[in-house]
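The values are calculated or read from the model by the stated rules, or taken from the named source; none is laboratory data. For clarity, every value in this text was computed on a predicted model and none was experimentally measured. No Cβ is skipped: glycine too gets one built from the backbone with ideal geometry, and neighbour counts run over all protein chains shown.
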Amino acid sequence: MGRIQDKVAIVTGAGSVGPGIGNGRATALVFAREGARVLLVDRDLALAEETCRMIAEAGASAGGESSTFQADVSDAAACGGIAAACIERYGRIDILHNNVGIEIAGGLADTTEEAWDRTLAVNLKSMFLMAKAVVPHMERQGSGAIVNISSINAIRTLPALSLPYAVSKAGVIAFTRDVAVEYAAKGIRVNAVLPGMMATPFVVAALTGAYGGDVDAMMKRRDGLCPTGRQGDGWDVAHLSLFLASDEAKYVTGESVVVDGAQTCRL
Ligand code: NAD
């Protein structure tokens, strides 16, 4: 049996912003491999379809399957549409994996009001909107698990400043904690994952400029900043998320769990 056999999961940002496997794509693949039926949500449908193809090619040995849905999770109506589509296709929602996040590098001096508003809308408001859309279904079922992707930037200042990003990710921790307490007695668990430095397409897209424009040099520098001598990857985030989404974590809720190869121990 898979570890989340026959559960229904929504993964937001299930594509990957560049070639390769990011946190959302890796999590969608792992959820499907462990037996879930997965609704792959992305504002860019082609990127979600690529993940869908990868799941089909992997053979979903534990019985998992997936389908795609195009939506921008910073839009309230779109989030309602995601929940409705999931119920229509699969009849229930057991897992909400709130993965979508963007990072616009810059400290106070460099950050525009537009960058601030966009980051807070995409990274934090989206989690509120998705939870509002999904939780009534979980409440009706009497069970559910939500995993919100934060960042160690919520609790530490990192070499490349990204002020609105850090603030949004700190908000994810408070959001996670409060909603977990509100719904604990209703069988709905809510946890946050705080990834450290991960070698993913997200980093290449968001941060290369802040590291001087050279991808290889950036990756080497980031590897060097990690106590393990190398960054993590999307699979590290996916495997922790799998545990938190599964019934193995039935008494874990309201937590913010770091996956960073001991980076925060040193910072
Ligand atoms: P990614 O940039 O590859 O994004 C995944 C998908 O999200 C993309 O396909 C993109 O089209 C989609 N997307 C972006 N905005 C969207 C929106 N408004 N609505 C719907 N879809 C949208 O990123 P990833 O590797 O999947 O990981 C992203 C998460 O991991 C973010 O929350 C990020 O903050 C977090 N994180 C990453 C690192 C790291 O080092 N890579 C570290 C800490 C936290």
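A few points about this structure:
- Taking the listed residues 83, 71, the one that is of a type in the set (A, V, I, L, M, F, W, C) and within 10 Å of the ligand (Cβ to nearest atom) is 71, with no other qualifying.
- Remark: pairs (first residue in region 6-20, touching a residue at least 60 places away in the same chain (Cβ under 8 Å) and of a type in the set (Lys, Arg); second residue surrounded by 20 or more Cβ atoms within 10 Å (Cβ to Cβ) and in a strand (DSSP E or B); Cβ separation under 9 Å; 6+ apart in sequence or on different chains) = 7/37; 7/95; 7/145.
- Residue that is nearest to residue 5 (Cα to Cα) [pool: residues in region 251-267 that are of a type in the set (S, T, N, Q) and not in a helix (DSSP H, G or I)]: 253
- Residue ID - nearest to residue 188 (Cα to Cα), chosen from residues in region 93-129 that are out of contact with any helix residue (DSSP H, G or I) (no Cβ under 7 Å at 6 or more places or on another chain) and of a type in the set (S, T, N, Q): 126
- The combined condition, being assigned to a loop (DSSP other than H, G, I, E, B) and more than 9 Å from the ligand (Cβ to nearest atom), is not fulfilled by residue 18.
- Residues in region 36-70 that are at pLDDT 95 or above, assigned to a loop (DSSP other than H, G, I, E, B) and surrounded by 22 or more Cβ atoms within 10 Å (Cβ to Cβ): 36 alone.
- Of the residues making up region 226-242, those that are in contact with a helix residue (DSSP H, G or I) (Cβ under 7 Å, 6 or more places away or on another chain) and of a type outside the set (Phe, Trp, Tyr) are 226, 227, 229, 230, 231, 234, 237, 238, 239, 241, 242.
- Taking the listed residues 89, 25, the one that is basic (Lys, Arg), surrounded by 24 or more Cβ atoms within 10 Å (Cβ to Cβ) and not in a loop (DSSP other than H, G, I, E, B) is 25, with no other qualifying.
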